[in-house]
Amino acid sequence: MSTYVLVHGAWHTGKELATVAESIEATGHKSFTPTIKGNRPSDTRDVGLAEAIQSIVDFLVLNELKDLVLVGHSYGGMVITGVADRVPNRIRRLVYWNAFVPNDGESLNDMLPPQYVELSEHIAIGRGDGSVVLPFTIWREAFINDADLDTAQRAFRVLNPHPIKTLRDKISLSTNPAEMAVAKSYINCTEDTSLPHHYPWHPRLSQKLGLFRLIQIPGSHELCFSNPARLAQAIIDAGRD
Amino acid sequence: MSTYVLVHGAWHTGKELATVAESIEATGHKSFTPTIKGNRPSDTRDVGLAEAIQSIVDFLVLNELKDLVLVGHSYGGMVITGVADRVPNRIRRLVYWNAFVPNDGESLNDMLPPQYVELSEHIAIGRGDGSVVLPFTIWREAFINDADLDTAQRAFRVLNPHPIKTLRDKISLSTNPAEMAVAKSYINCTEDTSLPHHYPWHPRLSQKLGLFRLIQIPGSHELCFSNPARLAQAIIDAGRD
Amino acid sequence: MSTYVLVHGAWHTGKELATVAESIEATGHKSFTPTIKGNRPSDTRDVGLAEAIQSIVDFLVLNELKDLVLVGHSYGGMVITGVADRVPNRIRRLVYWNAFVPNDGESLNDMLPPQYVELSEHIAIGRGDGSVVLPFTIWREAFINDADLDTAQRAFRVLNPHPIKTLRDKISLSTNPAEMAVAKSYINCTEDTSLPHHYPWHPRLSQKLGLFRLIQIPGSHELCFSNPARLAQAIIDAGRD
């Protein structure tokens, strides 16, 4: 039996991973789905990356979680990398699921095509509360392309405005992922076009892990909504020894 | 209920898409499979791209088709792009299925590896009637690699000589695909090697659509013969709102 | 009915392909799984590439095998290319399964990322008997990423030290693969990360075949252990006319 901690992406909370966690638990493992600081309903949207990372470190310490498989989705890749740098001894394996892989001094924005950064900064300026939201058309076509319209709309309604500072902040790491001693896996959903395929998740970002285990499955960036059971299986295949 | 118009590729007619259309209709949609001018048995082979495009525009007008999902396969991508430019108001969504995506002033040949153009021009010179045909070995290995030999041979026998002028002609567009207001999808069959994978359909050509929905499925360029029901499902996933 | 000869990769023997061969035979074909000279228990590890190739030529001659589908896995691609150059008339089709495709004068090492060559030379120096072995961690994560730990460990135990001279030796060919008259197929397991995906098997190496038939299936480099029946089906799809 292993312990899985699933760390969500931008605009999400842990709640959206509950169905995935249930599927994991149904196979006899334990799983947790904390919400990162800055994405909780009561949080202000001026949270930065270091605070976001610290909130998951605190969660692990508070719950005395050890020897765990730490899974990060998308922006969650920034967070789990920071967590692994701060509390390496608590982690058995890192699993990046279509997730950003930063080296020391990199921000999430540094790994985006420049026009994506421009769009997100433009939206944030319009909002003025430190957060950025995703236009529905982009969500429908590029993030959840494998679902029907009804699923896409229901999923869109639970998204929350995301603190843009966490996308701008450069991460501070004592060790880059490729040099971390912990085992690493990368789950690549093959129809994930939230990053364009000419500027892809895998192998562009995954190769920054050094030696890692690749698990690929059909699906969009939002497989947590379109096929949570299939995603859970991939997480188990990625997370086992 | 939606209306699907399926526009075939080079060497094909609408007839070869009949089984796909039946599968689409079985799910409650309407579908049409016109043959482009230049590929009909009675057509001369001196037809150019503008005439080819106009023949599908005429088909839509004649049948009073509106609010439709316009699907183009391979060379059909040239045609549906031209149709969308001429009668944008009739179209709800464009679906490119391993199809060429031209910008204003580009020909299909401009998107081919140079040695492919040479080969096709060489074959056309030998024929001397304005048409080009596909050698069986290339068809068998690179176009219909997922079928057995019998299917490959039967499908080959229904191909028709293709007017080479349609491959040479540069398209005239008032708006490039990325700037068209209509919704767009791209279906990529992952074993389609009719274009070599180091010079691929997706994302090399698909990215010219700007924002689009990606649907990927296993299969060769000729999934209409090797698995029409699976293709129909992909078209529905690509064509829905 | 066809005759299949399956040529294993580095560190393997023909024995590890027995289950694949049984699946092929169950569909009515004949199949053989010779072990290349240098990988047999009694062989010294100073064998070079020319001897390795000759041992398979000898096997075909001794068993009077003709009109056969010759399949090579990984390093086996070097061997079948050499065999096809020496006895082209015995071969109906070459099937490369995540295999190296050399041109005249190239070694296997020439097709590896430089750091892989360094690592393998470093290991060989440490051993001092002319052979190289694979560290378990690399095997587990990058070669057999689709299996559970137990399968990965059992498979690892049957591997044999591989003669490093066969990786260094430049092949001597009278005809490069793209110019060989024989039919060719390439099987690409889509999760094969034994070569990193930014330096991949397909299309980087497959394109050296010229016209070839692509068959893709999910799986790691070691599908012979993780899903031999699925691999057998791919070999039949690749090997048929």
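Key figures
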| read-out | value |
| --- | --- |
| Whole-Hz ³J(HN,Hα) from phi, Karplus 6.51 cos²θ - 1.76 cosθ + 1.60, for region C:210-219, glycine and proline x | x, 6, 8, 9, 8, 10, 10, 9, x, x |
| Cα pair distances exceeding 49 angstrom across the protein assembly as shown, given as percent | 20 |
| Region A:1-142: radius of gyration and largest Cα-Cα distance (Dmax), Å | 15.5, 47 |
| Gap separating the Cα centres of region B:49-73 and region A:92-161, nearest whole Å | 37 |
| Net charge contributed by nearby residues that have their C-beta within less than 10 Å of C:Ile215 (K/R +1, D/E -1) | -2 |
| Rounded FRET efficiency, nearest 0.05, which uses the C-beta distance separating C:Val57 from A:Glu64 and R0 of 60 Å | 0.40 |
| Rounded if a/c under 1.5, otherwise prolate or oblate - region B:83-127, Cα gyration tensor axes | prolate |
| Exam field: B:Phe136 pseudo-label spacings to other copies (7 Å along Cα-Cβ), nanometres | 5.5, 5.5 |
| Cα gyration tensor shape for chain C, rounded if a/c is under 1.5, else prolate or oblate | rounded |
| Sequence ranges B:123-129, B:4-10, ranked by mean other-Cβ count within 10 angstrom, highest first | B:4-10, B:123-129 |
| Average beta-carbon neighbours from other chains, 10 Å sphere, peptide A:178-190 | 1 |
| Whole-angstrom Cα spans of region B:113-241 along principal axes, big to small | 44, 37, 26 |
| Distance from region A:1-16 to region A:76-91 (C-alpha centre basis), Å | 14 |
| Position A:Met1, label points 7 Å along Cα→Cβ, spacing to each other copy in nm (shortest first, one decimal) | 5.5, 5.5 |
| Relative packing of peptides C:16-23, B:231-238, B:136-143, A:91-98 - highest average C-beta neighbours within 10 Å first | A:91-98, B:231-238, C:16-23, B:136-143 |
| Spin-label zone in region B:216-236 - amide nitrogen under 16 Å from a point set 7 Å from the Cα of B:Ile123 along the C-beta vector | B:221-222 |
| At least 18 Å along the helix axis (C-alpha) and Kyte average at least -0.5, DSSP helices within chain C | C:49-62, C:114-127 |
| Of all accessible heavy-atom area on region C:52-191, the percent that carbon and sulfur account for (1.4 Å) | 52 |
| Placed amide H near A:Thr190: partners under 5 Å, 5+ positions off or other chain | A:Ile217, A:Gly219 |
| Cut-off 15 Å, label 7 Å out along Cα→Cβ of C:Arg230, residues of region C:170-206 by amide N | C:188-193 |
| Inter-copy separations for C:Pro113, label at 7 Å along Cα-Cβ, nm, ascending | 2.5, 2.5 |
| Closest approach to the axis - chain A beta-carbon, rotation onto B, Å | A:Thr190, 5 |
| Computed over chain B: relative contact order in percent, which uses C-alpha pairs under 8 Å that are six or more apart | 24 |
| Under 30 Å from the Cα of B:Lys170 - lysines, other chains or at least 8 residues apart | B:Lys15, B:Lys37, B:Lys66, B:Lys184, B:Lys208 |
| Accessible surface buried upon C-B contact (total; probe 1.4 Å; Å², nearest 100) | 1100 |
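The values are calculated or read from the model by the stated rules, or taken from the named source; none is laboratory data. Quick caveat, the model's predicted, so the values are computed rather than measured. Every residue, glycine as well, gets a Cβ built from its backbone with ideal geometry; the counts of neighbours run over all protein chains shown. Quick note on the areas: whole protein, heavy atoms, side chains included, nothing else; ligands and nucleic acids left out. Shrake-Rupley method; radii C 1.70, N 1.55, O 1.52, S 1.80 Å.
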